[in-house]
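Visitor: Okay, here's the structure, questions in a sec.
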Amino acid sequence: MLADIQKAEKGFTARFERHLKHSVENVWAYLTENEKLARWFSELSVDDLREGGSIKFDMQNGTFEEMKITALDMQAVLEFTWGEDLVRFELYPEAEGCLLVFKEYINQMTSHTPKDLAGWHVCLDVIAALLDEREVVSRMEEWKKWYEQYVHAVEKFA
């Protein structure tokens with residue numbers, strides 16, 4: 001299911017939801033433990049897990065971009081800067097697992113926005129697959145499929 005994209009007071013919000021049949025603790029580990037984080041987003045690593053701390057993005061050229069953790073509630077909320085935007089993971093316990101809500105607060109729609117949204121979509125699907133011990137055969141093929149849909153989804157905001 002595509003993210004719900006809405007015009008916000010400032011910019012836009014994209015909201016993704018995934019109902020996972022896994023505990024908040026297990027899902028949180030995939031968001032914050034570098035060994036597990038690397039399995040779904042190899043360029044990211046948690047450097048200092050605290051509000052005001054940082055997450056690093058490996059630019060694959062010997063440099064790193066530091067992203068500031070702007071909100072942290074252990075086992076519940078992880079929010080950090082993403083370029084000019086913010087991304088936020090929220091976890092809510094459910095009877096048979098948990099609800100993972102991912103939001104991207106987008107300052108301005110650009111030609112890169114559909115790429116990011118498709119990327120986050122695939123990342124969330126990969127987290128679910130890893131938790132379920134399933135394999136995602138081709139992340140790139142999945143990304144291409146979702147990218148086209150996000151291009152159309154953001155056109156109405158251009």
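No value in this document is a laboratory result; all are computed from the given coordinates. Predicted model, so just to flag it, every value in this text is computed and none were measured. When we count neighbours, we look across all protein chains shown, and the Cβ atoms used for this are built from the backbone with ideal geometry, even at glycine.
Visitor: I need the Debye-formula profile for the chain: one equal scatterer per C-alpha, no solvent, reported as log10 I(q)/I(0) at q = 0.21 1/Å, two decimals.
Guide: Ignoring solvent entirely, the Cα scatterers give -1.61.
Visitor: Okay, next question. What ranking, highest mean first, results for peptides 79-86, 124-131, 137-144 when packing means the other Cβ atoms within 10 Å averaged over each residue?
Guide: 124-131, 79-86, 137-144
Visitor: From the helices alone, meaning DSSP H stretches of at least four residues, give me the mean residue ellipticity at 222 nm for the chain, per-run term -39500 (n - 2.57), in deg cm²/dmol to the nearest 500.
Guide: -10500 deg cm²/dmol
Visitor: Under a crude label model (7 Å from the Cα following the beta-carbon direction), how far is ASN61 from ASP4 in nanometres?
Guide: 3.9
Visitor: Follow-up question, since we're still on this one. Give the relative contact order (percent, whole number) for the chain; include only Cα pairs under 8 Å separated by 6+ residues.
Guide: Reported relative contact order: 23 percent.
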